[in-house]
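Before any comments, here is the structure.
The values are calculated or read from the model by the stated rules, or taken from the named source; none is laboratory data. Just so we're clear, the structure is a prediction, and the values are computed from it rather than from any experiment. As a convention, Cβ positions derive from the backbone with ideal geometry for all residues, glycine included, and neighbour counts pool all protein chains shown. Accessible surface areas use protein heavy atoms only, side chains included; no ligands, DNA or RNA. Shrake-Rupley method; radii C 1.70, N 1.55, O 1.52, S 1.80 Å.
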Amino acid sequence: MSFTLIDTHTHLYLDAFNDDREAMIRRALEAGVKQLLLPNIDLESVAGMHALCDAYPTVCFPMMGLHPCDVKDGFEEVLRVMREKFSQRNYVAVGEIGIDLYWDKTTLPIQIQAFETQIQWAKELELPIVIHARDSFNEIFEVMDRLHDERLRGVFHCFTGNAEQAQKILGYGNFLMGIGGVLTYEKSGLAEVVKAIPLEKLIVETDSPFLTPKPYRGKRNESAYVKFVAEKLAEVKQTDLASIATQTSQNARKMFNLPEPSSN
Ligand SMILES: [Zn+2]
């Protein structure tokens with residue numbers, strides 16, 4: 001295979017992969033998906049994520065951060081513990097962080113607080129942020145407009161916004177959009193939006209085990225399936241898979257400071 005893909009967002013430490021985690025990584029590598037970026041969720045997910053990154057140091061790369069759905073009472077202490085971890089090992093990003101108003105609107109004030117704190121870390125540590133946005137673009141843009149500066153860079157992961165929201169993100173300069181399985185869902189309308197976004201601003205992801213692309217929609221998602229996203233992106237951009245793989249991998253490698261993939 002002459003090109004490689006990077007799954008820039010996969011939760012492969014979750015229980016959904018307990019029975020076949022190794023096999024799943026093998027299938028990804030065989031499909032040309034050579035690097036896997038692991039966003040953190042909460043304190044419980046850290047050990048499993050670290051174990052995978054220790055077992056596959058040239059393939060799996062961890063992020064550190066508190067997911068907006070897990071910002072609850074006592075989150076300040078959780079953030080304090082997470083912040084210390086950055087001095088103990090390397091992370092490719094602060095993530096995933098952001099605002100989610102789909103599952104719980106009542107925690108919005110503390111979600112904003114946690115988001116702001118973690119944006120501050122990213123600036124101090126010179127790391128990108130990986131943003132989770134669900135029913136919350138306005139709230140996220142409000143925070144970003146206040147805190148964005150030339151030190152801040154990152155990704156709007158699993159981007160499913162409209163053309164106007166895409167333009168707003170492009171305006172921040174140093175931000176990419178992560179495209180996942182939703183691109184393959186015709187009714188999403190995402191293909192039309194993505195058509196107008198420069199390929200230099202796009203990376204691909206699975207968000208596995210969630211958001212499975214066609215033709216496996218409805219089943220568990222896994223990193224090998226990022227190729228279906230890339231194939232659809234090639235169709236949308238009227239180019240070939242190799243060009244998509246080359247450009248999106250280059251974008252991801254630059255954003256996350258990744259090494260060249262090893263040839264295992
Ligand atoms: Zn995620």
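Heavy atoms only, 1.4 Å probe, whole protein assembly: order LEU125, LEU79 by accessible area, highest first.
Descending order: LEU125, LEU79.
Provide Rg over Rh for the chain; use the alpha carbon set for both Rg and the Kirkwood Rh (inverse mean inverse pair distance).
With Rh from the inverse mean 1/r over Cα pairs, Rg/Rh is 0.93.
Hey, could you get me the Stokes-Einstein D for segment 195-250, Kirkwood radius over alpha-carbon pairs, 25 °C and 0.890 mPa s, rounded to whole µm² s⁻¹?
Estimated diffusion coefficient is 212 µm²/s.
Just to confirm the filter: which trypsin sites (Lys or Arg not before Pro) across segment 39-130 are DSSP coil and have at most 15 other Cβ within 10 angstrom of their Cβ?
LYS72, ARG89, LYS105
Over the C-alpha atoms of segment 168-264, what are the Rg and the largest Cα-to-Cα span, Dmax, in Å?
Here Rg and the maximum Cα pair distance are 13.3, 39 Å.
With the contact rule set at Cα under 8 Å and sequence spacing of 6 or more, what percent relative contact order holds for segment 1-106?
26
Using just the helices of the chain, give the 222 nm mean residue ellipticity in deg cm²/dmol: DSSP H runs with n ≥ 4 each add -39,500 (n - 2.57), and the total is spread over all residues, rounded to 500.
-12000 deg cm²/dmol
Any idea what diffusion coefficient segment 1-117 gets from Stokes-Einstein, in µm²/s, Kirkwood Rh on alpha carbon pairs, 25 °C, 0.890 mPa s?
Calculated translational D: 161 µm²/s.
Could you state how much accessible area PHE3 has, in square angstrom rounded to the nearest 10, with a 1.4 Å probe and all protein chains kept in place?
40
If the limit is 24 Å between Cα atoms, which of LYS195/LYS227; LYS85/LYS219; LYS34/LYS85; LYS105/LYS254; LYS195/LYS254; LYS105/LYS195 go over it?
LYS85/LYS219; LYS34/LYS85; LYS105/LYS254; LYS105/LYS195
Which percent of the Cα-Cα distances in segment 144-198 go past 12 Å?
Cα-Cα pairs in segment 144-198 separated by more than 12 Å: 65 percent.
Relative to the Cα centre, what is the charge dipole magnitude of segment 98-227, using +1 at the beta carbon of each Lys and Arg, -1 at the beta carbon of each Asp and Glu, and rounding to the nearest 20 debye?
That gives segment 98-227 a dipole magnitude of about 560 debye.
Whole percent per 5 Å bin, from 0 to the bin with the longest distance: what is P(r) over all C-alpha pairs of segment 219-262?
Histogramming segment 219-262 at 5 Å steps yields 5, 20, 24, 23, 19, 9, 1 percent.
At a 1.4 Å probe radius, carbon and sulfur cover how many percent of the accessible area of the chain?
49
Could you state the accessible area per residue of segment 94-196 in Å², with a 1.4 Å probe and every protein chain left in place?
43
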